[in-house]
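> Have a look at the structure that comes next, please.
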């Protein structure tokens, strides 16, 4: 079935896009308010979780879906422990500090593999590059380690996946990721099948 390109359909899509953008802007306002003092209380985490539950269309989009999944995991046991608090604070701080405003959906601007490959954690080695919305690289590496994978800071023959941070499109344009991607090209030329994936694709594969 062909896509409806009528003026009415375009107007509806535009209204929907604007509504989503307003929702993301509202989320960013909440995030910056919560993390303003550098610490997240249990009540603030619940406030954010309640907002995500009330905004299903917005939290289907990146990076709201990342925040919603993290809050859902935190609330499964009904308490915010020290490790969960630190991880949530890292995510909120990263989101609040993004100078690009709402420019999170940047993975398509990065040189990732198309179609994106299946992400397997156990027994695989990951390298994280660029600025990550999920949090500091060590937080991402911890997730991989808990799922049976391994992480390294540089690309090598052992590398299975290079994960490019979704806040790194500007860095890519300025060749800040050049050395990482050059290494991938060189190893691929030697027959090493290194996959290059977007952070969003990696995060969606987390259990």
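The values are calculated or read from the model by the stated rules, or taken from the named source; none is laboratory data. Small disclaimer: the values here were computed from a predicted structure and weren't measured. Cβ atoms come from the backbone with ideal geometry, glycine included; neighbour counts cover every protein chain shown.
> Suppose the filter is outside the structural domain of residue 22 (by TED's automatic domain parsing), surrounded by fewer than 22 Cβ atoms within 10 Å (Cβ to Cβ) and modelled with pLDDT of 90 or more; does residue 138 pass it?
No; evaluated as a whole, the condition is false for this residue.
> Then there is this: Anything in the range 51-69 that is in a loop (DSSP other than H, G, I, E, B) and at pLDDT 80 or above? List them, or say none.
55, 56, 57
> Also, quick follow-up: Can you pull out every residue in the range 112-155 that is without any contact (Cβ under 8 Å) to a residue 24 or more places away in the chain, farther than 16 Å from residue 199 by Cβ and in contact with a strand residue (DSSP E or B) (Cβ under 8 Å, 6 or more places away or on another chain)?
Across the range 112-155, the qualifying residue is only 145.
> Right, here's the next one. Test of understanding: among 176, 203, 133, which residue is modelled with pLDDT under 90 and either part of a helix (DSSP H, G or I) or farther than 29 Å from residue 86 by Cβ (or both)?
Every option except 203 fails the conditions.
> Any idea which of 72, 21, 16, 84 is at pLDDT below 80, in a helix (DSSP H, G or I), closer than 26 Å to residue 205 by Cα and out of contact with any strand residue (DSSP E or B) (no Cβ under 7 Å at 6 or more places or on another chain)?
So the residue among 72, 21, 16, 84 that is at pLDDT below 80, in a helix (DSSP H, G or I), closer than 26 Å to residue 205 by Cα and out of contact with any strand residue (DSSP E or B) (no Cβ under 7 Å at 6 or more places or on another chain) is 21.
> Let me ask something else about it. Determine whether residue 78 is more than 18 Å from residue 132 (Cβ to Cβ), modelled with pLDDT under 80 and not assigned by TED's automatic domain parsing to the domain that holds residue 134. Walk me through it before giving the result.
Numbers: more than 18 Å from residue 132 (Cβ to Cβ): yes; modelled with pLDDT under 80: yes; not assigned by TED's automatic domain parsing to the domain that holds residue 134: yes.
Criteria met by residue 78.
> Then there's this: Residue check, residue 35 against (1) out of contact with any helix residue (DSSP H, G or I) (no Cβ under 6 Å at 6 or more places or on another chain); (2) surrounded by 13 or more Cβ atoms within 10 Å (Cβ to Cβ), all met but one. Which one?
With respect to (1) out of contact with any helix residue (DSSP H, G or I) (no Cβ under 6 Å at 6 or more places or on another chain); (2) surrounded by 13 or more Cβ atoms within 10 Å (Cβ to Cβ), residue 35 is out only on (1).
> Taking residue 187, is it more than 24 Å from residue 74 (Cα to Cα), surrounded by 21 or more Cβ atoms within 10 Å (Cβ to Cβ) and either more than 22 Å from the chain's Cα centre (by Cα) or at pLDDT 95 or above (or both)?
Details: more than 24 Å from residue 74 (Cα to Cα): yes; surrounded by 21 or more Cβ atoms within 10 Å (Cβ to Cβ): no; either more than 22 Å from the chain's Cα centre (by Cα) or at pLDDT 95 or above (or both): yes.
The answer is no for residue 187.
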